[in-house]
1. Which one of these does A:Leu389 not meet: (1) part of a helix (DSSP H, G or I); (2) modelled with pLDDT under 80; (3) surrounded by 16 or more Cβ atoms within 10 Å (Cβ to Cβ)?
2. Is one or more of the residues making up the range A:254-269 touching a Pro at 6+ places or on another chain (Cβ under 8 Å), more than 11 Å from chain B (Cβ to nearest Cβ) and assigned to a helix (DSSP H, G or I)?
3. For the range B:57-87, which residues satisfy the criterion of being without any contact (Cβ under 8 Å) to a residue 24 or more places away in the chain and aliphatic (A, V, I, L, M)?
4. For the range A:89-111, name all the residues that are more than 18 Å from A:Gln77 (Cβ to Cβ) and either free of Cβ contacts under 8 Å to residues at least 24 places away in the same chain or among the charged types (D, E, K, R) (or both).
5. Please go through the range A:62-84 and pick out each residue that is under 23 Å from A:Leu300 (Cα atoms) and free of Cβ contacts under 8 Å to residues at least 60 places away in the same chain.
6. Does the range A:439-450 include one or more residues that are under 17 Å from B:Val169 (Cα atoms) and not basic (Lys, Arg)?
7. Would you mind stating whether A:Gln133 is outside any strand (DSSP E or B) and closer than 19 Å to A:Ile96 by Cα?
8. Please go through the range A:409-444 and give me each residue that is small (Gly, Ala, Ser) and surrounded by 15 or more Cβ atoms within 10 Å (Cβ to Cβ), ordered by number.
Amino acid sequence: MNTYLSMEVDEQKIRYLLVEHSIKGLGLIGAGESMIQVGPSAPGALSSFVKELAKARKLKIDRLFLTINRRDTVVHQLSLGSVSKTDLEQIIVAEIEKIPSFTDNEFDYIYQQHETKNRNKVILGAMTDELVQYLLKEVKQTGIPCQELELAPLNLSGLLGSADFKQGPQAVIILSENLTHLVIFEDRQIRYIYTTTIGEEIWEDKFATKSWGEELKRTLKSYALDTKQTVGKHWLVWDRDKSPEFDKYLHHDLNLEAEPLNILQEWFKENINPAYTLAAIPLIYKVNKIKPVFSLTHFLRGSQAHNYKRLAIISILAAILITGAVLGFIIDRFNTIEHQALRDQKDVQSQMADVQRESTDILKERDNYLSMRKQLLFQATYVQLLKKLSWSRALSVVANEMPKELALTSFKVDEEGQVTFTGEAFRMESIAKLLRTIEISSILERGQFSYLTQEEIEKKKVFSFGILADIKTGGHS
Amino acid sequence: MNKQKNLHKNRFGLAVAFVVFILAMGAWALHGYYAAKQSLAALDVQRTKLARLKTEIKTTQDSIDRLKAEQEEFKKLLFNDRDVPAFIDGISHFAAKSKVRIMDMKTQRFSQIVVPKSFSDASKMENRGIIVDTDNEYKPDPQVEFKNRLTLAAMPIHMKIKGTFAAIVFFLNSIENDRQLLTVSNVEITRNTQDYPQLDCDFILKIYSLELLKDIKT
């Protein structure tokens, strides 16, 4: 359940509706008007009113709706030929600037156009930036959201869609304080709008009332002449509490038949004074989700822009934070991986240095062993070659191959395999036989004389000899 | 109208700021990604190197173990210090069995086996990684640590024996058939006119052992 405050604001007073909105529909909590001067010259007036009202009613207001119905605004109609949009904008701006209160002020405007028989009819409304900024500031000060602002009576005709309003063009006369709007509409579209700065003050002066009535009738007649269409019905929006018989007075004294516009009965059970119709316009649009012809958010764009900007900034900051957090996490992860990898590299380098030192020692040790192995192999090979000569076999062979006529006195083999025979023989032939035997020996070779001497022993010739030979280097084991 | 322009301008500015922020952060993240990737790649390379180095060390250690085992096997063919007295006792036993008399037996200290250059062609030896110096003698690799270097060392035993030719041959045969590495050289048999057929035989018996180079004379 939400509580809404919908207000019609003019220069001198605020007319308001306090409404409770639930799934059952709208329920009126309260309605009233307060004589407060509202405008740029009275800063804080509107916001103070809202706060005090909420405090007095002990309510938490969820949303504000504003209808601006003031003489310092413009609601106007133009009738143009066919023009481009750019030209149209320039014409509208120029038209608004003709109004003295807008001449030297910045302003914002809204318009709608519709073409009829080569005529471009433009309905426009405008507010000074000063007033808009004032309203935005006041709304902001209340701290209550406000996203709908109606510049009366631009969107009133959009609510007039029931069967009562479907019989050709009809008119609504809106009598406000110091201001009267005559809106001719058909099919919920404004066909003609006329505004005069004469309002409720006419009730104090019958002549003024008559004059006001004549002005309205002339306007209606002018419309009928211009469009060749007669306005079928007239509706009246006025403060019934202040002047309960005004509709009848119009009928009898001014010959202007106008029925009270009681459209609020469609949404409220209560019989609400028609004067609250303008105040209720933005609320009804919002609650019933009706799309207005004139945007209700147009003049709040500044606030919305601010909101959008703030939302955009918050969104982007959030996006930056989230993205930053995600990317930051990723970057941090990569940094952690990189630093861990660098630390691991240092560890591996340290291990590698240790292993290389160990490797150097081990390689040196292996080289030592290899070197020793080569050396030992060489020495062992040498020794093995020395061992190739089997002395027992060599001596047996020598004993067997030696001629029997010889007597050896010595047999010597040195380490290099040189054999020296010394002995004695009676005959030279025996020594020669020994030399021949050496040539064919299985273990000796290259036999040669070392010396040969002859002497007589007991009258016998005895030859002493020395023979050199080599042990064969191959074929023995 | 200006309000709308300002609004659009602000929105555009915010959007640009956001895009710039995203791009900057994205670039930073990309830089971080490539830096991390490079570091990981470098780490991978280093780990591979370390693993290869460890494998090489293991292989080298295995090689050292094999060389040690070979050395131990080689040692079994050689004498050690404790074997020498037993072997000398064994010689006496062989002499008695062979019916030769040991007239003299002189032992010397173990000395390193010096291979003369004439033993083989020096260039061929060098090709096999064996160093032959200009003094016609083999010398081990100087880079090998001296104190731990083992070398094949020989202990010469100068022997004089007396016996018949057959006994001498049997004795030499008995010695040569020993399980361990030994060599007989410089054999000289001479006739002794006083007690023929007894012959005098001089020879050098060498037994071999692995010794630390620092402990022996070269």
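The values are calculated or read from the model by the stated rules, or taken from the named source; none is laboratory data. Bear in mind the structure is a predicted one, so any value in this text is a computation, not a measurement. Neighbour counts are summed over all protein chains in view; Cβ atoms, including those assigned to glycine, are modelled from backbone coordinates with ideal geometry.
1. (1) is the only condition that A:Leu389 fails.
2. yes
3. Within the range B:57-87, B:Ile57, B:Ile64, B:Leu67, B:Ala69, B:Ala86 meet the criteria.
4. Listed by number, the residues that qualify are A:Pro100, A:Thr103, A:Asp104, A:Glu106, A:Asp108.
5. Listed by number, the list holds a single entry, A:Val74.
6. First, the residues of the range A:439-450 that are under 17 Å from B:Val169 (Cα atoms): A:443.
Checking which are not basic (Lys, Arg) leaves us with A:443.
The answer is yes; a qualifying residue exists.
7. Taking the combined requirement at face value, the residue satisfies it.
8. Within the range A:409-444, A:Ser410, A:Gly417, A:Gly423, A:Ala425, A:Ser430, A:Ser441 meet the criteria.
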